[in-house]
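The structure under discussion appears below in the form of C-alpha cells.
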Amino acid sequence: MYVCLCNAITDSQIKAAVSLGDSSLADVKKRLGVANQCGKCARMANEIIQTQLDFE
Ligand code: FES
C-alpha cells in the first residue's frame, strides 16, 4: 500500500527501513525521502514505524 504518494513509497519499504535500523520518522525520511514534500503522509508513516518498532 502506498503511504507517501509524492514519492511512491509503500508501507513495506518503511517496514524494511525499520528492519535496517531506522527508529524514527527522521531516519526514514533520510533513507527513503518519505514526507519530504507535502507532508500529508507523515502521521501514517510514523504510525507504521512505531508499530514496526513494537513488533521487532
Ligand atoms: Fe508523502 Fe506528500 S505524500 S510527502
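Restricting attention to region 23-46, the residues being among the small types (G, A, S) and outside any helix (DSSP H, G or I) number 5.
If you check I49 against the conditions, is it more than 7 Å from the ligand (Cβ to nearest atom), in contact with a strand residue (DSSP E or B) (Cβ under 7 Å, 6 or more places away or on another chain) and not in a loop (DSSP other than H, G, I, E, B)? Here the answer is no, as I49 does not meet what is asked.
Hey, does region 17-37 have a residue that's near the ligand (Cβ under 7 Å from one of its atoms) and crowded, with 16+ Cβ neighbours inside 10 Å? For region 17-37, residues near the ligand (Cβ under 7 Å from one of its atoms) and crowded, with 16+ Cβ neighbours inside 10 Å: present.
A short reminder: the numbers here are calculations on the coordinates, not readings from a lab. Treat the numbers as computed from the prediction; the structure is a model and nothing was measured. As a convention, Cβ positions derive from the backbone with ideal geometry for all residues, glycine included, and neighbour counts pool all protein chains shown.
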